[in-house]
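To start, the structure itself, in C-alpha cells.
The values are calculated or read from the model by the stated rules, or taken from the named source; none is laboratory data. Predicted model only: the values in this text are computed from it and were never measured. Neighbour counts are summed over all protein chains in view; Cβ atoms, including those assigned to glycine, are modelled from backbone coordinates with ideal geometry. Calculation scope for accessible area: heavy atoms of the full protein, side chains included, ligands and nucleic acids excluded. Shrake-Rupley method; radii C 1.70, N 1.55, O 1.52, S 1.80 Å.
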2 protein chains.
Amino acid sequence: MRLSRYFLPVLKETPSEAQIVSHRYMLRAGMIKQQAAGIYSWLPLGFKVLRKIEDIVHEEQQRAGHIPLLMPTLQSADLWRESGRYDDYGEEMLRITDRHGRDMLYGPTNEEMVTDIFRSHVSSYKDLPLTLYHIQWKFRDEIRPRFGVMRGREFLMKDGYTFDLTKEDALHAYNRHLVSYLRAYERMGLQAIPMRADGGPIGGDYTHEFLVLAETGESEVFYDSDVTDLTFGDREIDYDDVAQCQGVLEEFTSRYARTDETHDEALFNEIPEERRRVARGIEVGQIFYFGTKYSDSMGATVQGPDGKPVPVEMGSHGIGVSRLLGAIIEASHDDKGIIWPEGVTPFHCGIVNLKQGDEAADGACEALYEQLTNAGLEPLYDDRKERAGGKFATMDLIGLPWRITVGPRGLKNGVVELTCRRTGESEELSPEAAVAKVVSIYAA
Amino acid sequence: MRLSRYFLPVLKETPSEAQIVSHRYMLRAGMIKQQAAGIYSWLPLGFKVLRKIEDIVHEEQQRAGHIPLLMPTLQSADLWRESGRYDDYGEEMLRITDRHGRDMLYGPTNEEMVTDIFRSHVSSYKDLPLTLYHIQWKFRDEIRPRFGVMRGREFLMKDGYTFDLTKEDALHAYNRHLVSYLRAYERMGLQAIPMRADGGPIGGDYTHEFLVLAETGESEVFYDSDVTDLTFGDREIDYDDVAQCQGVLEEFTSRYARTDETHDEALFNEIPEERRRVARGIEVGQIFYFGTKYSDSMGATVQGPDGKPVPVEMGSHGIGVSRLLGAIIEASHDDKGIIWPEGVTPFHCGIVNLKQGDEAADGACEALYEQLTNAGLEPLYDDRKERAGGKFATMDLIGLPWRITVGPRGLKNGVVELTCRRTGESEELSPEAAVAKVVSIYAA
C-alpha cells in the first residue's frame, strides 16, 4: 500500500478522553473512531489488525477440529426465556422491540441459540463430539464503557460451544480449547497465562481465564513466577490425543496463578517467596465447562449407546477478539507508539523515502515495494512529500516491526537502512539484503 | 474435511415454509437455520459459501483501490437527525433505546456514519479521491420477510462510499465500481446485468442496478438480448484509466436493459423484435452517484485548490452479500439440488467411498484426500458408513461441482470415477489423473 493512496488519519494531539495507552495510540494511529459511547468504527489500519487476529483465531480453532458457523447478532427473547436468562441478565442486555412488537435482544453471548441449533439437528451420541464456534459482534450495554475497545459495548468475540456425551469427553474438549488458545495467543506475540477463574453461580473447578500481564490490567493477579517461563512453542499436538492435551493442561495450570476473585492467600504463601508475584492482568479469554445447565433447561438430549436419552454435556469458550487489540498494545509499546508483534502487524514492513521526487530514491523504493510484494508481504510505502521527521514519527506511532529507510546519500554507497522497531537498532544493507532479511523474518 | 467429523444437518423433507428453490435447498442442505422471522444462523456449509463470496468482494474492491474499514452495526440516532433521515426512514428502521435512554438504531446503511468519518479526518482536496467500504451486517425491519436470505431482516451487505472533488471524478469512481462489480459477479459464476435504475427522490441518471436473470426474481426486466452476450472475461484493467473504465461502462450499459421501474415501452420497441426479452431478475447490487446530498446536510467539505471550501461529491455502491447465496442458487440448480460455480463452492471436490471399511477403498480415498489437500484444495470426504445412494443424494444436494467416486470394483481396474455435477457426465480415470484434472480445473 502506498500511503498517498491510503486512509491513515494520524492525530498529532493526544485525545483527552483516552485514559490508557492502548486507547490513546489506537486513536492517534487512526485505527478507530468512536461513534457513540463504547461503539467504534474500525478505520482501515485497525480493521487490518482485527482481521489478522480473527484469522489466527479461525486457523487455530479449525486446527483443533472445531467447526465455524455464524449466528446472527439479534436473537428472539423467547429462547432466553427458556433458559431463564431473559429475566436474570439485567441491564447489560440490550432489549429491542421490533415493528410487530416482538421482544428481541442483541446477543451478549450465544449459549441459548447454539443449544437450539444442536437440539434441532443432533439426536444421537454418534454425532458427538461436536464443537461449534463463531466470531460475531456482541453487545453488552455497559453502564460506563471505557478504555476504548478494551471495554466497549459493541465488541467482537469468538465463542465456541462443546457438546459431548460424557463429562470425561467434555473435559477433553475443555483441554483442546486450552491448547488451541495457548497457540493462538502465542502467534499474536502474547503471553496469556491461564488462571483459575470463578465458576460463578454454577460453580465447579473447570474454568480458567487467560490473562495478559500489563500495568493497566483491570484485575489484580497473583502467580508463581515459574508460570511465565512456560511457552507452548512449536511442539506438535494431536488434538485427538486425550493424554497429550491433559498433559498440556497440567503443565500450564499446576503452578499457582489466580486473579483476585479466586486468590487464596494461604496457598500463595506456600510458594517460595522469591517466586511470588503480584501484578495486574487483562483478561483475553475464558474456558468454561458447565455440564448440563442449558441442555437440561432447553431439552438438548441425545440418544445414548443404550438407547436412552442423555442431556448433552456442554462447555463454552471465549476469546475477546476486538479487546485483544488493546491488550496487545498495552503489552507492547513504548513512548513513541505501538510495537506490533510480527504475527498481527497490519503491514509487514514500512518503506520511508527520505527524498520523494529524487529519481534514485523513488526508483529504489519502488523496487523494494515490488520485491516485498512479490515475496507475499505487504509493505506500507510512505511516498508522501513530507519531511523525514514526520515520516519516522508516523512509522513509529503505527508500530510496524520493520522499516527500510531509503535516501540519496545511502544509495550512493549502495545501501539502505533496516530498522527494528522494537530494539531501535539499524543496520546498513544493500536493498536486496534488506528484502531478504525481512522475508526471512516472516518465513520463520 | 471428513463428513464424519463435520456438521452438515441435511434434511430429507422439504420444509413447508420455503416458497422458492434457493430457500428450500439452503434449508435442506443444512446451510441455514431460521432463528426468528428474517433472521438466520449460517450453519457451517452456508458460512463457508458466505465467506467465499465475501472474499471475492474484498479482493475485487481492493484491486480497484478501494479501502476496507468496518463501521459498527449500531448507530446513534443523532447522526441520522443531521441528514433528516431519522424521521424519513419509516418503520423499516429498527429503533433502539439504550439503558441511558439514548436513541440508537441498527444501521440499514451507512451514508451518515461514513460522512461523519470523512468530515472528521479529511480537509483537503489533496486527500481525494477516496473510496471507503465495509462488509457489515445490516438490519431492515421488513414487514414480511420471506424467501430465506433473499429478503431477510438481518443481512450482510458490502457498501462503499466515494468521495471526490468534482462530479467528473465522482463519475470515474462510479465507473470503477461498475467494472469491479462485473469482475466480482463473474468470479461467482453469475451474469449480473447492469440496468438503469430509478434515482428515487434524488433523481439523476447515475444509478444502475445489477440483476441476475432467474424465474423467481422479484423484478420484471426488459432487455436487448445482446446484453447477455457481454462478458468481462480476463481482460486487463487499469482502474486509474478514466477512458478505459468509461469504455467498459458504455459497452455494458448502451444496450436497452431496464427493470419495470424505469422501463420505457417506446424505447424498448425500437429494439429489433427478435432481440426483445421480457424476463425476471434478482437485484444483487446497485451503484449510485448522488452528488452533495449528504455532504451539504452534514457539512462535509474540503478545501479546494483555490483555498475555498467545496462540498464533497459522493456516491454509494452496494452488493448484497448474503442475498447472493440465494441468487446464485436460483440461477444454478437442478431438481437434485444446488450446482455451485467453482468460484464459490464450499468444498472443491467431493470424495465418495462406496464401501467404507474396505481396505483398498479406504486407502484410495485417504490418498485422494491427502493429494487434493496438498494441492491447496479442500475436499469433502464422505467417510460415513452409509449406502451409496444416500451419499450420492447428499453430494448432489449440496452441489459440489466435482465428485470422485471410489469403489473396490473400479480400484481392481485401477480407476475411480470423476463426475461433473453440472453435466452429470462421468469418466473413469486413474486416481492420479482424477486429482490432476480437478487441480487443473481450479488452477484455470
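Mind listing the long-range amide H neighbours of A:G291? Cut-off is under 5 Å, sequence gap 5 or more, other chains count too, H placed in the peptide plane at 1.01 Å from N.
The answer is A:M314.
Which whole-number percentage describes the relative contact order of region A:3-338, with Cα contacts under 8 Å and a sequence gap of 6 or more?
It rounds to 21 percent for region A:3-338.
Compute the relative contact order of region A:223-379 as a whole-number percentage, counting only Cα pairs closer than 8 Å that sit 6 or more residues apart in sequence. Don't jump to the answer; show the numbers that get you there.
Details: 128 pairs, mean separation 22.6, N = 157.
Relative CO of region A:223-379 lands at 14 percent.
Using protein chains only (no ligands, no nucleic acids) and a 1.4 Å probe, work out which residues of region B:118-165 have their accessible area cut by at least 50 Å² relative to the chain alone.
Going by heavy-atom accessible area, the residues of region B:118-165 that drop by at least 50 Å² are B:H121, B:I143, B:E154.
Over region B:349-443, what is the relative contact order in percent, taking alpha-carbon pairs closer than 8 angstrom and at least six residues apart?
Relative contact order of region B:349-443: 31 percent.
Ordered by packing density, taken as the mean number of other Cβ atoms within 10 Å over each peptide's residues, highest first, how do B:379-386, B:401-408 rank?
On the way: B:379-386: 20.2, B:401-408: 22.5.
Peptide ranking by packing, descending: B:401-408, B:379-386.
With a 1.4 Å probe and every protein chain left in place, work out the accessible area per residue of the protein assembly as shown in Å², rounded to a whole number.
40
Nothing charged except the Cβ atoms of Lys and Arg (+1) and of Asp and Glu (-1): what's the magnitude of the dipole of chain B about its Cα centre? Round to the nearest 20 debye.
1800
Tell me, what % of the accessible area of region B:3-338 is carbon and sulfur with a 1.4 angstrom probe?
43
Which residue, A:R24, A:R409, A:R196, has the most motion in a Gaussian network model of chain A that connects Cα atoms within less than 10 Å?
Per the Cα network of chain A with a 10 Å cutoff, A:R409 tops the list.
Sequence-distant or interchain residues sharing an amide H contact under 5 Å with B:R384, placed H: which?
The answer is B:S4.
For the pair B and A, how large is the buried accessible area, both sides, in square angstrom to the nearest 100, if the probe is 1.4 Å?
4900
Taking N as the number of residues in the protein assembly as shown, what is its Cα Rg relative to 2.2 N^0.38 Å?
Compared with the compact-globule rule of thumb, the protein assembly as shown sits at 0.97.
With heavy atoms of protein chains only and a 1.4 Å probe, what residues of region A:65-95 have at least 30 Å² less accessible area in the full set of chains than alone?
Buried by 30 Å² or more upon assembly, which counts only protein chains, are A:I67, A:P68, A:L69, A:L70, A:P72, A:T73, A:L74, A:E91, A:L94.
Using the 7 Å Cα-to-Cβ label point, sort the distances from B:T166 to its equivalents in the other copies shortest first and give them in nm to one decimal.
Here the equivalent label points are 7.7 nm apart from this one.
Given 0.36 nm per residue, what is the gain on full extension from B:R102 to B:E250 after removing their alpha carbon distance, in nm?
Going from the current span to full extension adds 48.5 nm.
If amide H atoms are built 1.01 Å from N in the plane of the peptide, which residues on other chains or at least 5 residues away come under 5 Å of the amide H of A:I67?
Sorted by chain and number, the residues that satisfy this are A:T131, A:L132, A:Y133.
Of the residues A:A266, A:A331, A:A364, which exhibits the maximal mean-square fluctuation in a Gaussian network model of chain A defined by a 10 Å Cα contact cut-off?
A:A266
Taking the radius of gyration and the Kirkwood hydrodynamic radius from Cα positions alone, what is the Rg/Rh ratio for region A:349-443, to two decimal places?
0.92
Treat every Asp and Glu Cβ in region A:287-444 as -1 and every Lys and Arg Cβ as +1, leave all other atoms uncharged, and give the resulting dipole magnitude about the Cα centre to the nearest 20 debye.
300
Among A:G315, A:T109, A:Y25, which residue has its Cα furthest toward the positive end of the charge dipole of chain A, with +1 on Lys/Arg Cβ and -1 on Asp/Glu Cβ?
Checking the options against the dipole of chain A, the answer is A:Y25.
Assuming R0 = 56 Å, can you tell me the calculated FRET efficiency for the pair A:N374 and A:D87, based on Cβ-Cβ distance, to the nearest 0.05?
Efficiency computed from Cβ-Cβ geometry: 0.40.
Each residue of region A:272-287 in turn: what ³J(HN,Hα) in whole Hz from Karplus with 6.51, -1.76, 1.60 and θ = phi - 60°, glycine and Pro shown as x?
The phi angles translate into x, 4, 5, 9, 6, 10, 10, 8, 10, x, 10, 7, 10, x, 8, 10 Hz.
Treating only the Cβ of Lys, Arg, Asp and Glu as charged (+1, +1, -1, -1), what charge dipole size does the protein assembly as shown show about its Cα centre? Round to the nearest 20 debye.
Result for the protein assembly as shown is approximately 260 debye, rounded to the nearest 20.
Putting +1 on Lys and Arg Cβ atoms and -1 on Asp and Glu Cβ atoms, find which of A:T419, A:I441, A:L372 reaches farthest to the positive end of the dipole of region A:349-443.
The Cα lying farthest towards the positive end belongs to A:T419.
Among B:L211, B:A192, B:L94, whose Cα lies farthest out toward the positive end of the dipole of region B:3-338, if unit charges sit on the beta carbon of Lys, Arg (+1) and Asp, Glu (-1)?
Of the options given, the answer is B:L94.
Among B:I32, B:I135, B:I237, whose mean-square fluctuation peaks in a Gaussian network model of chain B (Cα, cutoff 10 Å)?
Of the options given, B:I237 has the highest mean-square fluctuation.
Can you give me the Cα centroid spacing of region A:88-108 and region A:336-376 in angstrom?
48
Find out how many positive minus negative residues lie around A:T162, taking Lys and Arg as positive, Asp and Glu as negative, among other residues whose Cβ is under 10 Å from that of A:T162.
-2
From the backbone phi of region B:74-80, what are the Karplus-calculated ³J(HN,Hα) couplings (6.51 cos²θ - 1.76 cosθ + 1.60, θ = phi - 60°) in whole Hz, Gly and Pro given as x?
Rounded to whole hertz, the list is 9, 10, 7, 4, 4, 4, 6.
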